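Novice: First the structure, then my questions, so here it is.
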Amino acid sequence: MGTVTLGVSIAVPEPYGSLLQERRAGFGDQAAHGIPTHVTLVPPTEVPRERLPEIEAHLARVATGYQPFPVRLKGTGTFRPLSPVVYVKLAEGVAPCDRLQQRIRDEAGPLVRELQFPYHPHVTVAHGISEEGMDRAYEELAGYEAAWTCRSFALYEQGADQVWRKLCDYEFGSGHPTRAVPAQGGSPVDTPTTTPTA
């Protein structure tokens, strides 16, 4: 059946998600429109396609044990020179994200994996572009702020075209995942499960 590349993340809701995606593209990041704006919980992970039902059941169990929590973005940071990334920082929500990603990567589950770097929740706004572009991202979004109540996380699949598409939402406290609805062209449409507060 082959393999599939999956990721698990918290979607940044509208209007913030589209705004940051457009800004990312404007800084020269050509991958921006293929990557929904998000906070990563599990980075890109290649797994056998036949394990998808097991992974989906695991994520549903994890979501059942969590409650909504506030997330607030404020200011910028960078992983340079270690990694060519500029990001918007989480001023609130770091600890819940950390606990959540640990639970998803639990040794007893199907998404166990080692991380290349220590977990640091963030929203990427520039990756692998020119130093000038990354400097612009760092400076121009330094005053950026947004806040919302996070009520879910989602499972994404990376297509052969390198575009990430949502497969399913997992609402906290619920054992009933919501499948993304394919739009024209076959790309699933995000179903908002977060409530903007700013």
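Novice: Using label points projected 7 Å from each Cα along Cα→Cβ, tell me how many nm separate residue 19 and residue 178, to one decimal.
Specialist: With each label placed 7 Å out from Cα toward Cβ, I get 2.2 nm.
Novice: Compute the acute angle (0 to 90°) between the alpha-carbon long axis of helix 131-140 and the principal axis of greatest extent of the alpha-carbon atoms of the chain; round to the nearest 10°.
Specialist: Long axis of 131-140 versus the principal axis of the chain: about 90 degrees.
Novice: So for the pair residue 49, residue 72, with labels modelled 7 Å out along Cα→Cβ, what separation do we get in nm?
Specialist: 4.5 nm
Novice: May I pose another question? Quick one: check the C-alpha center-to-center distance for the range 35-64 versus the range 139-164, whole angstrom.
Specialist: 15 Å
Novice: Continuing with the same structure: Taking only Cα atoms, what is the 0 to 90° angle, nearest 10, from helix 94-104's long axis to the longest principal axis of the chain?
Specialist: 40 degrees
Novice: What order do you get for 162-170, 50-58, 113-121, 132-140 when each peptide is scored by the mean count of other beta carbon atoms within 10 Å, highest first?
Specialist: Details: 162-170: 19.0, 50-58: 15.6, 113-121: 11.1, 132-140: 17.1.
Peptide ranking by packing, descending: 162-170, 132-140, 50-58, 113-121.
Novice: Pop a pseudo-label 7 angstrom from the Cα along the beta-carbon direction at both residue 162 and residue 107 and give the gap in nm to one decimal.
Specialist: 3.7 nm
Novice: Could I ask something else about it? If we count every other residue with Cβ under 14 angstrom of residue 141's Cβ, Lys/Arg +1 and Asp/Glu -1, where does the sum land? Don't jump to the answer; show the numbers that get you there.
Specialist: Working: positive: 23, 24, 74, 89, 136; negative: 22, 29, 135, 139, 140, 145.
Taking every other residue near residue 141 into account, the sum is -1.
Novice: Identify, among 112, 73, 160, the residue whose Cα sits farthest towards the positive end of the charge dipole of the range 3-196, taking +1 on the Cβ of Lys and Arg and -1 on the Cβ of Asp and Glu, with the dipole about the Cα centre.
Specialist: Working it through, the farthest residue towards the positive pole turns out to be 112.
Laboratory data are not the source of any read-out in this text; all were calculated from the coordinates shown. In this text the structure is predicted, and so the values were computed from the model without any measurement. Cβ coordinates were reconstructed from backbone atoms using ideal geometry, including for glycine residues, and neighbour counts include every protein chain displayed.
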